[in-house]
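The values are calculated or read from the model by the stated rules, or taken from the named source; none is laboratory data. The shown structure was predicted, so the numbers you read here are calculated from the model rather than taken from an experiment. No Cβ is skipped: glycine too gets one built from the backbone with ideal geometry, and neighbour counts run over all protein chains shown.
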Amino acid sequence: MSAPRAFVQWLTCRVRIVVLAGGYGGARFLRGLLGAVPDAQVTAVVNTGDDVTVHGLRICPDLDTIMYTLGGGLDEERGWGRVAETFAVRDELNAYGVGPSWFGLGDRDLATHLVRTQMMAAGYPLSAVTAALCDRWKPGVTLLPMSDDRVETHVTVDEPDAGRRAIHFQEWWVRYGAALPAEAIVPVGAAQAKPGPGVLEAIAEADVIVLPPSNPIVSVGVILAVPGVREALRAAPAPLVGVSPIISGAPVRGMADQCLRSAGIEISAEAVGRHYGARSAPGDGLLDAWLVDTADAGTEVPGVRVVPRPLLMPNPAEAATLAAAALEVARAVG
Ligand code: GDP
Ligand code: CA
């Protein structure tokens, strides 16, 4: 079935699309979007709550995953870090007994963190550093950190031996595989953070806004915790479409199930859609439309147009089909 003529015309102009992204799901969706509408002006507002300092280096996992994925530098099999990576520095540090050994910093990846840390030490904000790194990678989208202020997601865990303590989200996920039950997930610093330069403007000027299939708690949820972002999304004239990261009651990859459980949200496309809520309703809801997988047809979210479509993105072509579907739905509700 070919797309309606008016829709194709809409896509061939430089449509402005804003995507609120985490790392893996966000990057895959963005790559699909660039495949579907190469002429679009895409702005990704990216979660920085995963950011962490290791060996004195500032690391931004979600920004780097998107930059490497769209710039052709990602290790596609692993899903993070650089392709053709080596780990000589990590092995040397281990030989000195210097940890953390669970955070696998690769040699190529280290260069990115050295440049970032050096620039930040010289006084450049993260947004300027990100733009400088993107000069090399040319991701084809404008990458905006959600904030230049420091925000770090922490997870409160309660272990029988160690007692209750808060650990960095990276330690919870990378070191413990999210196996320690999370009592609370807190984006520390978010309430005091300001949206990064250009974030609110991009949202206000967008033709389409997408919540991609990123983690609703630790990716999209942390971006939404920055004061002003949710209000800007609710006030924006553009249609707002969400894509479910949950299919048939489970995440496609990662630990969204543990995150949703800790927030008291059922692990289903319907519950995540209801968690985001309807923009048409009073309160703080965001969605005009919600894409769920065809396996979740029958999902209902009050006040939101729910559209079943195949949501898996095993390759760039299928991600492009999904992105085109999201835009078509946006056009229909816009
Ligand atoms: P992270 O920052 O690397 O954890 O990545 P994101 O937050 O951007 O994305 C993580 C989410 O992507 C997980 O909750 C997955 O369920 C979801 N995800 C991964 N691959 C797919 C896919 O092919 N389709 C859909 N719909 N979701 C996916
Ligand atoms: Ca992340």
Please state which one of Glu92, Glu76 is farther than 30 Å from Ala232 by Cβ, more than 16 Å from ligand 1 (Cβ to nearest atom) and of a type in the set (Asp, Glu).
-> Glu92
Restricting segment 112-161 to residues that are in a helix (DSSP H, G or I) and among the polar types (S, T, N, Q), the one farthest from Val19 (Cα to Cα) turns out to be Gln118
Just for segment 108-123: of the residues that are of a type in the set (S, T, N, Q) and more than 16 Å from Trp80 (Cβ to Cβ), which one is surrounded by the fewest Cβ atoms within 10 Å (Cβ to Cβ)?
-> Gln118
Of all residues in segment 162-180, count the ones that are touching a residue at least 24 places away in the same chain (Cβ under 8 Å), touching a Ser or Thr at 6+ places or on another chain (Cβ under 8 Å) and either surrounded by fewer than 22 Cβ atoms within 10 Å (Cβ to Cβ) or in a loop (DSSP other than H, G, I, E, B) (or both).
-> 1
Condition test on Thr156, is it over 25 Å from Arg253 (Cα atoms), modelled with pLDDT of 95 or more and of a type outside the set (Lys, Arg)?
-> no
Top-ranked residue in segment 41-60 [being over 24 Å from Arg230 (Cβ atoms) and not β-branched (Val, Ile, Thr); ranked as farthest from ligand 2 (Cβ to nearest atom)] | Gly56
Got a number for residues in segment 183-238 being of a type in the set (A, V, I, L, M), within 26 Å of Glu171 (Cα to Cα) and more than 16 Å from ligand 2 (Cβ to nearest atom)?
-> 3
When residues of segment 181-195 are filtered for being part of a strand (DSSP E or B) and either within 16 Å of ligand 1 (Cβ to nearest atom) or in contact with a Gly (Cβ under 8 Å, 6 or more places away or on another chain) (or both), how many remain?
-> 3
Inside segment 196-227, can you point out the residues that are within 16 Å of ligand 1 (Cβ to nearest atom) and either free of Cβ contacts under 8 Å to residues at least 24 places away in the same chain or in contact with a His (Cβ under 7 Å, 6 or more places away or on another chain) (or both)?
-> Pro216
Kindly indicate the residue of segment 181-190 that is within 18 Å of the chain's Cα centre (by Cα) and within 16 Å of Leu260 (Cβ to Cβ) and also surrounded by the fewest Cβ atoms within 10 Å (Cβ to Cβ) among those meeting that condition.
-> Val186
Condition test on Leu260, is it of a type outside the set (Gly, Ala, Ser) and more than 14 Å from ligand 1 (Cβ to nearest atom)?
-> no
Failed condition for Gly79, given (1) under 18 Å from Ser219 (Cα atoms); (2) exposed (fewer than 12 other Cβ atoms within 10 Å of the Cβ) = (2)
In segment 61-89, anything within 17 Å of Pro314 (Cβ to Cβ) and away from ligand 2 (no atom under 13 Å from the Cβ) is listed as Leu74, Asp75, Glu76, Glu77, Arg78
Within segment 18-111, which strands (runs of 3 or more DSSP E) (wholly inside it) include 3 or more residues that are touching a residue at least 40 places away in the same chain (Cβ under 8 Å)?
-> 41-46, 57-59
Output yes when any residue across segment 90-110 is modelled with pLDDT of 95 or more and among the polar types (S, T, N, Q), and no when none is.
-> no
In the set Val301, Val243, Val272, which member is out of contact with any Asp or Glu (no Cβ under 9 Å at 6 or more places or on another chain), of a type in the set (A, V, I, L, M) and in contact (Cβ under 8 Å) with a residue 24 or more places away in the chain?
-> Val243
Number of positions in segment 204-220 that are buried (at least 24 other Cβ atoms within 10 Å of the Cβ) and outside any loop (DSSP other than H, G, I, E, B) | 5
